[in-house]
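The values are calculated or read from the model by the stated rules, or taken from the named source; none is laboratory data. Given the structure is predicted, the values throughout are model-derived calculations rather than measurements. Every residue, glycine as well, gets a Cβ built from its backbone with ideal geometry; the counts of neighbours run over all protein chains shown. The area values use the complete protein model at the heavy-atom level, side chains included, leaving out ligands, DNA and RNA. Shrake-Rupley method; radii C 1.70, N 1.55, O 1.52, S 1.80 Å.
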Amino acid sequence: MNDDQPICLCFDVPKRKVIQFIRTERPKTPSQLSECFGAGTGCGWCRPYLKQLWESESPESETLPEADQYAKDRQEYRDAT
Ligand code: FES
């Protein structure tokens, strides 16, 4: 996934926006990332990935799955829940 692709597919929030939010707002908990355009407040699929960025010393360097695979896995997650 590149930085312009959505990490939260429910609310179309790009990875870049989440990283910027972490850098500027310094959220104390990963759940506060919901203040970034609602990230993580839909199906919940992206929450582990949001947490991964939040926990990282260098969120820009975090590797996330390729966008196609990410979307496919999310669909399977949604179908199963
Ligand atoms: S993909 Fe983020 S809440 Fe559904």
Quick check on the stretch 40-57: of everything there that is within 8 Å of the ligand (Cβ to nearest atom) and open to solvent by 20 Å² or more (accessible area, probe 1.4 Å), which residue is nearest to Arg26 (Cα to Cα)? Arg47
Where the second residue is open to solvent by 80 Å² or more (accessible area, probe 1.4 Å) and part of a helix (DSSP H, G or I) and the first is within 20 Å of Asn2 (Cβ to Cβ) and lies in the stretch 54-81, which pairs have Cβ atoms under 6 Å and are six or more apart or on separate chains? none
Would it be correct to say that Lys17 is under 11 Å from the mean Cα position of the chain (by Cα) and open to solvent by 40 Å² or more (accessible area, probe 1.4 Å)? yes
Which number in (1) touching a Lys or Arg at 6+ places or on another chain (Cβ under 7 Å); (2) open to solvent by 80 Å² or more (accessible area, probe 1.4 Å); (3) among the aromatic types (Phe, Trp, Tyr) marks the one condition that Phe11 misses? (1)
Report those helices (runs of 4 or more DSSP H) wholly inside the chain carrying at least 2 residues which are small (Gly, Ala, Ser). 67-80
